[in-house]
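The structure appears right after this line, and notes come after that.
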Amino acid sequence: MPEVILHQYVNSPFSEKIRKIFAHKKISWRAVEQPVIMPKPKLIPLTGGYRRIPVLQIGADIYCDTGIIIRKIDEMFPEPTLYPGGLEAAAHQMNIFADRRMFWSTTPVIFAKLGATVPKEFIEDRSKMMQGADFGQVAMQAPDARNQLRAYLDIMDRQLESTEFLLGNSFSLADAACFHPVWFLQAEPSSFAIAQEFSNLMSWFKRVDAMGHGDMKGMDPDDALKIAKESTPSTHQHSDENKDDSDQPKLGTQVAVTPDDYGFDPVSGKLVCNSTYEIAVEREEPTLGKIVNHFPKIGFRVKAA
């Protein structure tokens, strides 16, 4: 089996979600540290322009966004399950909620306290990811964000009064997903103190935190690039036929894939997979050869290039 390589940075909340899944599944994996802000010269050749973290590398197949990373890891390592009790739909819906609602309630709360200490380069980088909006103004959302965050945490605390984990008495994708926003609050003590008001939540947090990150070893970025160069993508052309999708690009055509929320850097290539949950494009990277980039359908847009 090829090595499981995660391009991440230590303080990345979304990387922490994947690290908890690695721990749950007892996966041996390699960690490649990437810069927090652009430029990312040893990541972009792999992703074709996609700049968000984390990114999963399996040889010359590159999985962009946690949505598709989770599906690939679960395909490779189906046991132990991420969906105890058959609660797959509930786990995925909670994952989407944590990423798109709960996490974004933590950011203004934290940056309202840390804003003055955040480097100018970070603010400029994140503003570019938001299509030119001023990330430095995000702290202005803190009062409403704090109210929403406290409500989300209370919902979780009430559930955890009767179960050890969010979907019962076994760890699931829902726990990995909802853990990472709480984990992120630790970046600023008074923000984390909001979570510490909830005793059931804190007991759960300590249980998940104690899981660690699995069997992790570091890897130099150049070694990861070398692996991609010496590998051949394992992706085979595939499309879910649907006569109602006549406006969808066809296999073999040139397309561009872009996130629909932030980090609007398109990745262009030949369409090689178009399924219910996945879109994949093949690129010829000058320094690496053939690379296939994989994206989830949920949260991404695809159009003819």
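Table for the structure above
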read-out	value
Of PRO181, VAL272, PHE165, farthest towards positive along the dipole that unit charges on Lys, Arg, Asp, Glu beta carbons give region 147-305	VAL272
Within the accessible area of region 205-297 (1.4 Å probe), percent carbon and sulfur	47
Estimated vicinal HN-Hα couplings, Hz - region 163-172 in sequence order (Karplus 6.51, -1.76, 1.60; Gly, Pro = x)	9, 6, 10, 6, 10, x, 9, 10, 4, 9
Computed magnitude of the charge dipole of the chain (debye, nearest 20; Cβ of K, R +1, Cβ of D, E -1)	340
For region 118-244, alpha-carbon Rg and Dmax in angstrom	20.5, 54
Computed label-point distance, nm, for sites ASN147 and ALA187 using a 7 Å Cα→Cβ extension	2.4
Listed residues ALA112, LEU251, ALA23: farthest to the positive end of the dipole of the chain (Cβ charges)	ALA112
For region 19-161: rounded, prolate or oblate by the Cα gyration tensor [a/c cutoff 1.5]	oblate
Share of alpha-carbon pairs per 5 Å distance bin for region 162-305, given as whole %	2, 8, 12, 13, 11, 12, 13, 12, 10, 6, 1, 0
Nearest-20 debye value, region 37-149 charge dipole, Cβ charges on Lys, Arg, Asp, Glu	380
DSSP bridge pairs, region 1-149: antiparallel proportion in percent, nearest 5	65
Environment charge at PHE171 (Cβ cut-off 14 Å; Lys +1, Arg +1, Asp -1, Glu -1)	+2
Semi-axes of the equivalent ellipsoid for region 23-105, Cα gyration tensor, largest first, Å	25, 18, 11
Rounded percent of accessible protein surface that carbon and sulfur make up, region 4-87, 1.4 Å probe	60
16 Å cut-off, amide nitrogen to a point 7 angstrom out along GLU164 Cα→Cβ, residues in region 50-93	80-85
Considering only the chain, percent of DSSP beta bridges that pair antiparallel, nearest 5	70
Where only alpha carbons of region 224-305 are counted, the Rg and the Dmax (Å)	13.1, 42
Charge tally in the Cβ shell below 15 Å around TYR152, where Lys, Arg are +1 and Asp, Glu are -1, TYR152 excluded	-1
Per-residue [θ]222 nm for the chain (sum of -39500 (n - 2.57) over DSSP H runs n ≥ 4, rounded to 500)	-12000 deg cm²/dmol
Sum of side-chain charges, LEU87 neighbourhood, beta-carbon under 15 Å (Lys, Arg +1; Asp, Glu -1)	-4
Most to least packed among 93-103, 212-222 [average Cβ atoms within 10 Å]	93-103, 212-222
For GLU278, distant residues with modelled amide H under 5 Å away	LYS297
P(r) of the chain over all Cα-Cα pairs, binned every 20 Å from zero, in whole percent	32, 59, 9
For region 191-278, size of Cβ-based charge dipole, Lys and Arg +1, Asp and Glu -1, in debye	260
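The values are calculated or read from the model by the stated rules, or taken from the named source; none is laboratory data. Keep in mind it's a predicted model, so treat the numbers as computed, not measured. Note: ideal-geometry Cβ built from the backbone for every residue, glycine included; neighbour counts use all protein chains shown. Heads up: the accessible areas ignore ligands, DNA and RNA and are worked out on the full protein's heavy atoms, side chains in. Shrake-Rupley method; radii C 1.70, N 1.55, O 1.52, S 1.80 Å.
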